[in-house]
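Here's the structure, in structure tokens; my notes come after.
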Amino acid sequence: MDPRAFKAYIGLRPMIVIFTDLDGTFLDTRSYSWEAALPAVELLAARDIPWIMVSSKTRAEIEKLRSLTGNRHPFVVENGGAAFIPIGYFGGAIDGAVIRDGYEVLEWGARYPDLVAALRAESVAADCPVSGFHAMSIEELSRLTGLPPDDALLASRREYDEAFVVLQPERLQALLARITRAGWRWTHGGRFHHIHGNNDKGGAVRALTALFERRRCPIRSAGFGDSLNDEPMLESVDVPFLISGGPAEWNNAVLSLLSGGHG
């Protein structure tokens with residue numbers, strides 16, 4: 001958002017800021033299409049309302065989707081592992097951010113190699129074989145995710161979170177217990193389990209909310225999600241939406257929100 005746009009909201013009613021999950025929420029679970037959400041996307045653009053993608057997806061995946069949807073706002077990757085903020089979006093420099101590829105990056109996630117090593121160790125200790133993204137070929141990833149190979153390649157470029165499938169589901173709880181005892185965190189998205197550090201979507205949403213508010217711009221935050229890993233985000237916004245119908249339901253909920261249908 002142009003920093004000058006914040007001034008238009010000062011002294012007026014709070015600015016709406018939307019935080020949204022992607023898979024199963026903005027994107028169809030099977031086809032990954034967002035066509036049904038187009039009317040809401042166009043209205044958000046017309047009103048210059050920030051809508052921030054908050055996902056377990058990688059930076060590479062989200063950058064492609066932002067390009068397709070015309071989104072130019074910050075975004076959060078890999079279950080709150082980091083927030084990528086276009087340089088200058090909030091005006092001055094952001095405390096604690098590192099400059100990378102045109103972004104100010106706030107990082108909260110653990111190093112990816114450490115996560116891979118931890119997953120391997122705990123799966124052996126729990127006698128629970130798993131298959132992580134790091135060990136899969138692009139062909140395997142494409143088959144498991146339903147993504148075309150080019151998009152599966154983008155999904156493999158992980159930095160802060162390792163996604164995995166459990167090969168013996170009866171041993172899952174033993175594995176999750178060991179992950180927790182070892183000081184790591186886990187969550188479950190629409191298709192995969194994830195191991196990550198001391199980060200989640202809620203922490204990232206709160207950090208970005210604080211950045212909006214530091215511009216002396218009162219905001220009213222809304223969150224959209226569909227699964228366990230979205231709970232921290234939904235608990236961190238003013239108006240949470242639990243989406244079960246994918247992009248069509250997301251579209252209707254956003255349009256209702258913007259029409260004043262939720263307070």
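Below is a table of values for the structure above.
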quantity	calculated
Options Gly81, Gly102, Gly109, Gly132; residue that is on the phi > 0 side of the Ramachandran plot and among the small types (Gly, Ala, Ser)	Gly102
Listing of strands (runs of 3 or more DSSP E) fully contained in region 1-95 that carry 2 or more residues being more than 27 Å from Arg111 (Cα to Cα), modelled with pLDDT of 95 or more and not basic (Lys, Arg)	15-20
Any hit, region 37-56, residues being within 19 Å of Val237 (Cα to Cα) and among the hydroxyl-bearing types (Ser, Thr, Tyr)	yes
Search result, residues across region 87-127 that are in contact (Cβ under 8 Å) with a residue 60 or more places away in the chain, of a type in the set (A, V, I, L, M, F, W, C) and open to solvent by less than 30 Å² (accessible area, probe 1.4 Å)	Phe90, Ile94, Leu106, Ala110, Leu115, Ala118, Leu119
Count of residues meeting criterion [touching a helix residue (DSSP H, G or I) at 6+ places or on another chain (Cβ under 8 Å), assigned to a loop (DSSP other than H, G, I, E, B) and either free of Cβ contacts under 8 Å to residues at least 40 places away in the same chain or open to solvent by 50 Å² or more (accessible area, probe 1.4 Å) (or both)] in region 237-260	0
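Matching residues to (1) touching a Ser or Thr at 6+ places or on another chain (Cβ under 9 Å); (2) open to solvent by less than 40 Å² (accessible area, probe 1.4 Å); (3) among the β-branched types (Val, Ile, Thr); (4) closer than 22 Å to Asp28 by Cβ:
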position: Gly146; (1), (2), (3), (4): yes, no, no, yes
position: Leu172; (1), (2), (3), (4): no, yes, no, no
position: Leu176; (1), (2), (3), (4): no, yes, no, no
position: Arg181; (1), (2), (3), (4): no, no, no, no
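The values are calculated or read from the model by the stated rules, or taken from the named source; none is laboratory data. Keep in mind that this is a model prediction, so the values were computed, not measured. Neighbour counts are summed over all protein chains in view; Cβ atoms, including those assigned to glycine, are modelled from backbone coordinates with ideal geometry. For the accessible areas, the whole protein counts, side chains as well, though only heavy atoms, and no ligand, DNA or RNA atoms are used. Shrake-Rupley method; radii C 1.70, N 1.55, O 1.52, S 1.80 Å.
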